[in-house]
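Notes for the one structure printed next.
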Amino acid sequence: MKPALVVLAAGASSRLGRCKALTPLDGVTVLQRILSADAGHDPRPLVVAGPDFEAISAAAPNDVDVVAHPNWAAGRTGSIARALLEREDRDLLLAPVDCPAVPASVFLALRQAWTRAGSPPLGWLAPRHTSGRFGHPIVVGRDLLRALAGFDPDRPLRDLRASAEPLLSIQVDSEAVLEDLDTPQDRARIEDRLRNERG
């Protein structure tokens, strides 16, 4: 079974000053960009939302499930645990809205690499930029995710990596896997890059 796409959009976006998922980048919202980048691979993508649940629900396409995460302020790992309630026994392709402009080629490469590896239930797969840094989105195996039941919601998800088998990566040259949309300045920088790439 293909990994389920989960868009992590439960933060308050306080430093950005507006709902991150619905922030436009070069004319397209962050949510639209992520869904389009992985289009055709998951018939029912899932969005985990926090304080902006109503706005995100209203903007999401009909074939997208949006669920509320009431304890969103406790930490991102809690959002993933919330996703597991909706996508039980599925590997998850986790795409945070903090990395808003990852191209379709990276999503496809991750999915292909995961399939080649045999969809390992305890696996972990991340994109590694040519600089050597790891980024997002990531794929986490269904059995490895079960360990989240014992995690505090603010415990970093990367703590699961030590238990991953195998620990996989693909090399990419897209800077988008390392981007972090957190402030208006970040948004301006990402928009500049997108415009330059578009020519």
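I want the local charge near residue 163. Using Cβ-Cβ distances under 14 Å, sum +1 for each Lys or Arg and -1 for each Asp or Glu among the other residues. Show your work: numbers first, answer last.
On the way: positive: 142, 146, 155, 158, 161; negative: 143, 159, 165.
The answer is +2.
Where in the chain is the longest stretch that carries no trypsin sites (Lys or Arg not before Pro) classed as loop by DSSP and with at most 15 other Cβ atoms within 10 Å? Walk me through the numbers before you get to the answer.
On the way: sites that count: 15, 18, 133.
The reported range is 19-132.
Accessible area per residue for the stretch 95-145 in Å², computed with a 1.4 Å probe and the full protein assembly in place, what is it?
Working: 1820 Å² over 51 residues.
Ligands and nucleic acids excluded, the result is 36 Å² per residue.
Hey, could you grab the Kirkwood Rh for the stretch 78-199? Inverse mean 1/r over distinct alpha carbon pairs, Å, one decimal.
Evaluated over the stretch 78-199, this radius sits at 15.3 Å.
Can you tell me the Rg and the Dmax, both Å, for the Cα atoms in the stretch 138-199?
That works out to 16.5, 48 Å for Rg and Dmax.
What part of the accessible area of the chain, given as a whole %, is carbon or sulfur when the probe is 1.4 angstrom?
Working: 4530 of 9470 Å².
Accessible surface attributable to carbon and sulfur in the chain totals 48 percent.
What net charge is computed for the residues neighbouring residue 194, neighbours being all others with C-beta under 14 Å from the C-beta of residue 194, Lys and Arg scored +1, Asp and Glu -1? Can you show the working numbers first?
Numbers: positive: 33, 187, 189, 193, 195, 198; negative: 26, 175, 179, 186, 191, 192, 197.
Taking every other residue near residue 194 into account, the sum is -1.
Report Rg(Cα)/(2.2 N^0.38 Å) for the stretch 1-141, keeping two decimals.
Numbers: Rg = 14.3 Å, N = 141, 2.2 N^0.38 = 14.4 Å.
With N residues counted in the stretch 1-141, Rg over 2.2 N^0.38 Å equals 0.99.
Among DSSP beta bridges lying fully in the chain, give the percent that are antiparallel, nearest 5. Walk me through the numbers before you get to the answer.
Details: 8 of 27 bridges.
The answer is about 30 percent antiparallel.
Translational diffusion coefficient of the stretch 66-145 at 25 °C, 0.890 mPa s, Stokes-Einstein with Kirkwood Rh over Cα pairs, in µm²/s as a whole number.
Rounded, D is 180 µm²/s.
Please report the relative contact order for the chain, taking Cα pairs under 8 Å with a sequence separation of at least 6, and give it as a percent rounded to a whole number.
Numbers: 380 pairs, mean separation 50.2, N = 199.
Computed over the chain, the figure is 25 percent.
Report the local net charge at residue 121: Lys and Arg +1, Asp and Glu -1, summed over other residues whose C-beta lies under 12 Å from its C-beta.
Details: positive: 90, 142, 146; negative: 89, 91, 143, 165.
The answer is -1.
Between residue 155 and residue 39, how many nm apart are label points set 7 Å from Cα along the C-beta direction?
Result: 3.9 nm between the two label points.
The values are calculated or read from the model by the stated rules, or taken from the named source; none is laboratory data. This structure is a prediction, so every number in the text was calculated from the model and none was measured. Cβ atoms come from the backbone with ideal geometry, glycine included; neighbour counts cover every protein chain shown. These accessible areas exclude ligands, DNA and RNA; they are computed on the full protein's heavy atoms, side chains included. Shrake-Rupley method; radii C 1.70, N 1.55, O 1.52, S 1.80 Å.
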